[in-house]
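For reference, the structure discussed in these notes is given below.
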């Protein structure tokens, strides 16, 4: 009997630890005229982020061009900081273990950088894209050299960027884009050589999908790609949902994980070692929230108020 009670106690203790586990992460947000980078805790009791680094007189632009990436192996965050008055940008590398800037490079407003994705290696390589602001319809591919943060141009193709993500399991960079014939996804190897391209589409969406950035992220627990999809709920209201990428058909399968109508999804993060996924959101009234989802069951779990406007999360 004692052994049975001890076993039950251990099981209950384990379940309690699992259900109350807090996963530390990294977030980016704007505060006044500065960018703040700091620590996040992914738990229902968490209410705000803890700033660790301030980048003064700069702002972070989260309008769907994916201007940051995080290396889970080295804990190096790479982000693009915008200067005010359209005076250019700065590419930063930040060590989030020691919370210090380890590299930076200034760029003029001739270039708009984005699509950042870490190669998840000890070399801290970063894939990306840029526009040259010349009015052309070209997406330029690039890599960022770690150490001096120099952007090295690789190639270009016609289209308008919608999202990108790197799969460590296959060492491939996926990029979604649109042209005058529809939505497509290209796949590149880790040398940025194109492997394949297929037309893409959406399935199981309850409402018409808007042509907006997909903000692709990698789900390390399930080796999956997740997209954020904007849908027209009514003539005046938009709702957001999360979608899986189908590696066979190249379609985006919209799940039942929908936000409330009027909530704008700012950033979504999937955690290694957990089927929980978190989305930071804001509503038209300026209120901030954190959604919690279970991606194993495809279920909404909770919505809690948050007091930091998280624009990127890792």
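Within the span defined as region 114-126, every residue fails to be more than 23 Å from residue 195 (Cβ to Cβ), assigned to a strand (DSSP E or B) and touching a strand residue (DSSP E or B) at 6+ places or on another chain (Cβ under 6 Å). Would you confirm whether or not region 51-60 contains a residue that is modelled with pLDDT under 95, within 17 Å of the chain's Cα centre (by Cα) and either under 27 Å from residue 163 (Cα atoms) or part of a helix (DSSP H, G or I) (or both)? No; the residues of region 51-60 include none that is modelled with pLDDT under 95, within 17 Å of the chain's Cα centre (by Cα) and either under 27 Å from residue 163 (Cα atoms) or part of a helix (DSSP H, G or I) (or both).
Listed conditions (1) over 27 Å from residue 118 (Cβ atoms); (2) free of Cβ contacts under 8 Å to residues at least 40 places away in the same chain are all met by residue 291, apart from (1).
Residues in region 180-205 that are free of Cβ contacts under 8 Å to residues at least 40 places away in the same chain and part of a loop (DSSP other than H, G, I, E, B): 180, 181, 189, 191, 193.
Residue 74 satisfies every condition listed in (1) surrounded by 15 or more Cβ atoms within 10 Å (Cβ to Cβ); (2) more than 28 Å from residue 56 (Cα to Cα) except (2). Among the residues of region 158-178, those that are surrounded by 12 or more Cβ atoms within 10 Å (Cβ to Cβ), within 26 Å of residue 132 (Cβ to Cβ) and without any contact (Cβ under 8 Å) to a residue 40 or more places away in the chain comprise 159, 160, 172, 177, 178. Working only within region 258-314, note down all residues that are more than 19 Å from the chain's Cα centre (by Cα), in a strand (DSSP E or B) and more than 22 Å from residue 223 (Cα to Cα). Hits for region 258-314 are 302, 303, 304, 305.
Before we move on, is residue 87 free of Cβ contacts under 8 Å to residues at least 60 places away in the same chain, in contact with a strand residue (DSSP E or B) (Cβ under 9 Å, 6 or more places away or on another chain) and either surrounded by fewer than 23 Cβ atoms within 10 Å (Cβ to Cβ) or farther than 30 Å from residue 211 by Cβ (or both)?
Numbers: free of Cβ contacts under 8 Å to residues at least 60 places away in the same chain: yes; in contact with a strand residue (DSSP E or B) (Cβ under 9 Å, 6 or more places away or on another chain): no; either surrounded by fewer than 23 Cβ atoms within 10 Å (Cβ to Cβ) or farther than 30 Å from residue 211 by Cβ (or both): yes.
Taking the combined requirement at face value, the residue does not satisfy it.
The set of residues in region 132-156 that are surrounded by 15 or more Cβ atoms within 10 Å (Cβ to Cβ), touching a strand residue (DSSP E or B) at 6+ places or on another chain (Cβ under 6 Å) and touching a residue at least 24 places away in the same chain (Cβ under 8 Å) comprises 139, 141, 142, 143, 144, 149, 151, 154. For region 129-176, the strands (runs of 3 or more DSSP E) that sit wholly inside it and include 3 or more residues that are modelled with pLDDT of 95 or more and over 24 Å from residue 225 (Cα atoms) are 151-158.
When you go through 27, 38, 88 one by one, which is the residue that is modelled with pLDDT of 95 or more and more than 29 Å from residue 229 (Cβ to Cβ)?
Exactly one residue qualifies, and that residue is 88.
The values are calculated or read from the model by the stated rules, or taken from the named source; none is laboratory data. These figures come from a predicted structure and were not determined experimentally. Don't worry about glycine lacking a Cβ; one is built from the backbone with ideal geometry, like all the others, and counts go over all protein chains shown.
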